[in-house]
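The values are calculated or read from the model by the stated rules, or taken from the named source; none is laboratory data. Note that the structure is a prediction, hence the values are computed from the model and not measured. When we count neighbours, we look across all protein chains shown, and the Cβ atoms used for this are built from the backbone with ideal geometry, even at glycine.
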Amino acid sequence: MSRLPALLMLADGTAFPGFALGAEGEAGGEVVFNTAQTGYQEILTDPASLGQIINFPFPQIGNYGTNPEDDESAAPRAAGLIVNELSAAHGHFRSRKNLGPWLAEHGVSGLSGADTRALALHLRRWGSQNGYIGPRELGPEVLLAKARNLPEAAGLSLAEEKAGGREPYSYAEGRDGTIAVLNFGVNRSSLDQLARTGLGILVWPGSTPAEKILDSGPAGVFLSGGPGDPALLTAAVETTRKLLGRRPIFGLGLGHQVLALALGGRTFKLPFGHRGANHPVRDEKTGRIIITSQNHGFSVDRASLPPGTAVTHHHAHDQTVEGLAAPGQSAFSVQFHPQAGPGAPDAHPLFSEFKQLIDAFPNLP
């Protein structure tokens, strides 16, 4: 394990020392914290993590290694990783490689030995912000300048340009019709949960026009999760607006925000986002609290939602919108990750609800 002294410099001038981790090199991006105790591989490979340096406050990360089955996409999407202690061993029967060599293999750099809890508290108090990790010999002034030269997350388009893919592809054959997935950065576990309902899956680039989607004859439309500022996805919002009422729609994560925008709502950036595997969300229909996985930095403005749109879920901590429905247009969405990769399976039934909505929808050309 490397003991090369390294430094994280936040854009506000705060420094966090440690040692180089993973691949040789430097890393820059929005520094965020994720409170999950497990699931580091899924989080690092989640397209919603694109452009972010992930700080895990949990004391030790990597103790069950990595394996190909837990990848949410073809390669890590996070810009970097910050841990307090990186496990040098992997004691799990599914493990194929230690986390450190896995990061190096995929070209991901980071920082170990950092005070990750102090960093999480700093970000919680002052908000997520850009940061830069590099060798300590470069000096804090150089690293600070690099951090401040990075683009801000608000106003950054990532989904259509880097995360969503440019070509359609078939993911699964289905016995009960095929749905169109608008790909803003779809992760594997959400596709797997959709496939378990018996639906076939055809994945389209997120900027695909509505007419092309409808020409394929989908039974329903799934708006995937992904990274970046939803307000910049004007083509996807227009496509979704044209699909409303013509096919059942289910949005997840960034797709939830796109649906809200298509309905006439607005979005805003949260101070430090929601990232973790145990966020409590109240289901307004049942009154139950469900435990959810989350990985997002933007939220839907409740006051902006038009008449006919209902808030179906809200976050138990800050009351932000976590789900909405437009029953008159056969559309609903959730901000959290019901596929739970990683996390509790409390929200798995939402995929079956989508299937039921499709089954009840009139047959249309």
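Remarks
- Residue match in segment 204-214 (condition: in contact (Cβ under 8 Å) with a residue 40 or more places away in the chain, closer than 28 Å to Gly51 by Cα, out of contact with any Lys or Arg (no Cβ under 7 Å at 6 or more places or on another chain) and among the aromatic types (Phe, Trp, Tyr)): no
- Screening segment 38-75 for residues that are β-branched (Val, Ile, Thr) and in a helix (DSSP H, G or I) and picking the one that is surrounded by the most Cβ atoms within 10 Å (Cβ to Cβ) gives Ile43.
- Unique residue being surrounded by fewer than 20 Cβ atoms within 10 Å (Cβ to Cβ) and in contact with a Pro (Cβ under 7 Å, 6 or more places away or on another chain) when the list is His92, His106: His106
For (1) at pLDDT below 95; (2) over 24 Å from the mean Cα position of the chain (by Cα), each residue gets a yes or a no:
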residue: Arg125; (1), (2): no, no
residue: Gln129; (1), (2): no, no
residue: Arg136; (1), (2): no, yes
residue: Ala145; (1), (2): no, yes
residue: Gly164; (1), (2): yes, no
residue: Arg175; (1), (2): yes, yes
residue: Phe184; (1), (2): no, no
residue: Pro209; (1), (2): no, no
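- In this entry, Glu24 is excluded by the filter for residues that are charged (D, E, K, R), in a helix (DSSP H, G or I) and in contact (Cβ under 8 Å) with a residue 12 or more places away in the chain.
- When restricted to residues that are surrounded by 22 or more Cβ atoms within 10 Å (Cβ to Cβ) and touching a strand residue (DSSP E or B) at 6+ places or on another chain (Cβ under 9 Å), segment 223-246 contains 11.
- Number of residues in segment 307-331 that are of a type in the set (A, V, I, L, M, F, W, C), crowded, with 24+ Cβ neighbours inside 10 Å and in contact with a Ser or Thr (Cβ under 7 Å, 6 or more places away or on another chain) equals 2.
- Verdict on Thr309 being in contact with a Phe, Trp or Tyr (Cβ under 6 Å, 6 or more places away or on another chain) and either modelled with pLDDT of 95 or more or farther than 18 Å from Val258 by Cβ (or both): no
- Residue in segment 48-60 that is assigned by TED's automatic domain parsing to the domain that holds Gly134, touching a helix residue (DSSP H, G or I) at 6+ places or on another chain (Cβ under 7 Å) and among the aromatic types (Phe, Trp, Tyr) present: yes
- Selected residue (criterion: surrounded by the fewest Cβ atoms within 10 Å (Cβ to Cβ)) from residues of segment 122-151 that are under 21 Å from Ser299 (Cα atoms) and free of Cβ contacts under 8 Å to residues at least 60 places away in the same chain: Arg125
- Here is the figure for segment 54-78: residues that are within 13 Å of the chain's Cα centre (by Cα) and of a type in the set (Val, Ile, Thr) total 1.
- Residue in segment 174-183 that is in contact with a helix residue (DSSP H, G or I) (Cβ under 6 Å, 6 or more places away or on another chain), crowded, with 19+ Cβ neighbours inside 10 Å and not acidic (Asp, Glu) present: yes
- For segment 38-77, the set of residues classified as at pLDDT 95 or above, under 19 Å from His337 (Cβ atoms) and among the β-branched types (Val, Ile, Thr) consists of Ile43, Thr45, Ile54, listed by residue number.
- Condition check for Gly328: more than 29 Å from Leu156 (Cβ to Cβ) and outside any strand (DSSP E or B): yes
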